[in-house]
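This report concerns only the one structure given below.
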Amino acid sequence: MKILFVAGDPKPERWTVPIRELLPEAEVHVWDANGPAVDADYAIVWQPPAALFERETRLKAVFNLGAGIDGLLAVPNLPPHLPVVRLEDAGMSVQMAEYVLHQLLEASRGMETYREQQRQNVWKIHRPIKRSEWPVGVLGLGHIGKRVARTLADLDYRVNGWARSEHSLDQVTTYAGTDSLHGFLGATRVLVNTLPLTAETRDILDYRLFSQLMPGAVVINVGRGEHLVEEDLLRAIDEGQVARASLDVFRQEPLPADHPFWQRPEIAITPHISARTLRDATLAQITAKIRAHHNGEPITGIVDTARGY
Ligand code: GLV
């Protein structure tokens, strides 16, 4: 069995050495833009070049080194029937839950106020949090959205979840489908976006959506930059409808140095770190699936490419 590793890591051996250990029966190659075809059976990829699918015509499946497969589906000549397998959790959901909790607490516990007081040697106690004033709405109820919703619900926040299809989750009020979006947004002060990026969800975080949230809303985007209409967020902040935004993903990454978001005290920026791809857990998952697929066993995480996730 031949495996081709195709990700722009300057040190691919960080991946290929453990892959060889986990799958000693495999021949492991690293993508070389100028090299010949290796006739790989499986490719392990992150945002691969289109040339991959021109050159490697014997692939049996492609494994994405991430949860979001928008970058892979955007490759123009991805063969339509080639199974695409996404990363399932692999330690990401817990990191996301932690990140979202942190960003929520910054707002609900007024942490910035206390940091500012410390800079001025001020001991002043503000009124305690009322959870009822911080209802959370989680957009997207996949592995990540569910974990985020459950974590916040366990801390007694009121949590609503919205997804395209029906879901049922303990302690979480769920909404399904476009018609229910308005009701979901109206009950939400802290909006957390964990949706996959598809044609339907691109630009979903726009001015119209922000206007339907409870006033003084908090927006936490851990999905994709393309979900957010950037100028609409700035307008909603200027008008006070959105009080604070925590953004981990951007239309252009790295975020350009002259981007207006950097200068806004209401916006907390992190460089796409809310859930890192953890190498050990990721490779354990992917190599186990490659072995199973090679042995003709069923595997989970195969993407519905028409649906986009
Ligand atoms: C990271 O953004 C991922 O999709 O896993």
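Read-outs: derived from the displayed coordinates by stated rules, not from any lab. Owing to the predicted nature of the structure, the values given are computational and were not obtained by experimental measurement. Don't worry about glycine lacking a Cβ; one is built from the backbone with ideal geometry, like all the others, and counts go over all protein chains shown.
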Evaluate the distance, in nm, between pseudo-label points positioned 7 Å from the Cα of residue 154 and of residue 101 along their respective Cα→Cβ axes.
0.7
Hey, any idea what the orientation-averaged projected area of the convex hull of the chain's Cα atoms comes to, in nm²?
18.2
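By how many nm would the segment from residue 165 to residue 281 grow when fully extended, if each residue of separation counts as 0.36 nm and the alpha-carbon distance is taken off?
Working: separation 116, 0.36 × 116 = 41.76 nm, distance 2.89 nm.
Gain on stretching residue 165 to residue 281: 38.9 nm.
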How would you rank 207, 309, going from fewest to most other Cβ atoms within 10 Å of each one's own Cβ?
207, 309
A correct fewest-to-most ranking of 3, 269 by other Cβ atoms within 10 Å would be 269, 3
Along each principal axis, Cα extent of the range 252-309, largest first, Å:
54, 30, 17
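Where does the charge balance sit around residue 271 when Lys and Arg score +1, Asp and Glu -1, over other residues with C-beta under 10 Å from its C-beta? Walk me through the numbers before you get to the answer.
Details: positive: none; negative: 248, 253.
It works out to a net charge of -2.
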For the residue pair residue 131 and residue 50, what label-to-label distance in nm results when each label sits 7 Å from Cα along the Cα-to-beta-carbon direction?
5.2
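Please go through the residue pairs 11/60; 2/60; 2/289 and name each one whose alpha carbons sit more than 18 Å apart in this structure. Write out the running numbers ahead of the final one.
Details: 11/60 26 Å; 2/60 10 Å; 2/289 14 Å.
Checking Cα-Cα distances, 11/60 exceed 18 Å.
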Debye equation applied to the C-alpha atoms of the range 126-221, log10 I(q)/I(0) at 0.12, 0.14, 0.25 Å⁻¹:
-0.34, -0.46, -1.46
Of 194, 247, 174, whose Cα points farthest to the positive end of the dipole of the range 92-269 (charges on the beta-carbon: +1 Lys, Arg; -1 Asp, Glu; origin at the Cα centre)?
174
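Per-residue counts of other Cβ atoms within 10 Å, averaged by peptide: what ranking do you get for 27-34, 283-290, highest first? List each step's numbers first, then the result.
Working: 27-34: 14.4, 283-290: 20.2.
Top of the packing list down: 283-290, 27-34.
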Hey, in the GNM for the chain with a 10 angstrom Cα cutoff, which one of 260, 135, 215 fluctuates hardest?
260
Local electrostatic count, residue 219, Cβ distance below 13 Å [Lys/Arg +1, Asp/Glu -1]
-2
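Go through 168-180, 219-231, 108-120, 150-162 and give me the packing order, highest mean Cβ count within 10 Å leading.
Working: 168-180: 14.0, 219-231: 21.8, 108-120: 12.3, 150-162: 19.7.
My ranking of the peptides, most packed first, is 219-231, 150-162, 168-180, 108-120.
Between residue 202 and residue 262, what length in nm is gained on full extension when 0.36 nm per residue of separation is reduced by their alpha carbon distance?
Values: separation 60, 0.36 × 60 = 21.60 nm, distance 2.26 nm.
Here the segment from residue 202 to residue 262 would lengthen by 19.3 nm.
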Values of log10 I(q)/I(0), in the order q = 0.18, 0.31 Å⁻¹, for the range 18-63 under a Debye, Cα-only, solvent-free model:
-0.55, -1.38
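Working out 0.36 nm times the residue gap between residue 120 and residue 2, then minus their Cα-Cα distance, what length gain in nm do you get to one decimal?
Gain in length upon complete extension: 36.3 nm.
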Ranking 293, 105, 71 by how far each Cα lies towards the positive end of the charge dipole of the chain (+1 on Lys and Arg Cβ, -1 on Asp and Glu Cβ), the top one is 105
With a 10 Å cut-off between alpha carbons and a GNM built on the chain, which of 267, 299, 125 moves the most?
125
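Just for the chain, what percent of DSSP beta bridges are antiparallel, to the closest 5? Present the calculation step by step, with values, prior to reporting the outcome.
Details: 2 of 42 bridges.
Here the share of antiparallel DSSP bridges comes out near 5 percent.
Give me the dipole magnitude in Debye, nearest 20, for the chain about the Cα centre, with unit charges on the beta carbon: positive for Lys and Arg, negative for Asp and Glu.
Values: 33 positive and 39 negative charges, 155 e Å.
Around 740 debye, computed over the chain.
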Between residue 25 and residue 37, how many nm apart are label points set 7 Å from Cα along the C-beta direction?
2.5
Excluding residue 65 itself, calculate the net charge of residues whose Cβ lies under 15 Å from the Cβ of residue 65, where each Lys or Arg counts +1 and each Asp or Glu counts -1.
+1
For the pair residue 57 and residue 182, what calculated FRET efficiency results from E = 1/(1 + (r/R0)^6), where r is the Cβ-Cβ distance and R0 = 41 Å, to the nearest 0.05?
0.30
Rh_Kirkwood(the range 92-269) over Cα pairs, Å, one decimal, evaluates to 16.5
In whole Hz, the Karplus estimates of ³J(HN,Hα) for the range 122-138 (6.51, -1.76, 1.60; θ = phi - 60°; x where Gly or Pro) are 9, 9, 9, 9, 9, 5, x, 5, 10, 4, 4, 8, 10, x, 9, x, 9
Normalise the Debye intensity by I(0) for the range 11-94, one equal point scatterer per Cα, no solvent, then take log10 at q = 0.20 Å⁻¹ and round to two decimals.
-1.04
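How fast does the range 27-174 diffuse by Stokes-Einstein, in µm²/s, taking the Kirkwood radius from C-alpha pairs at 25 °C and 0.890 mPa s?
Details: Rh = 19.0 Å.
Here the translational diffusion coefficient equals 129 µm²/s.
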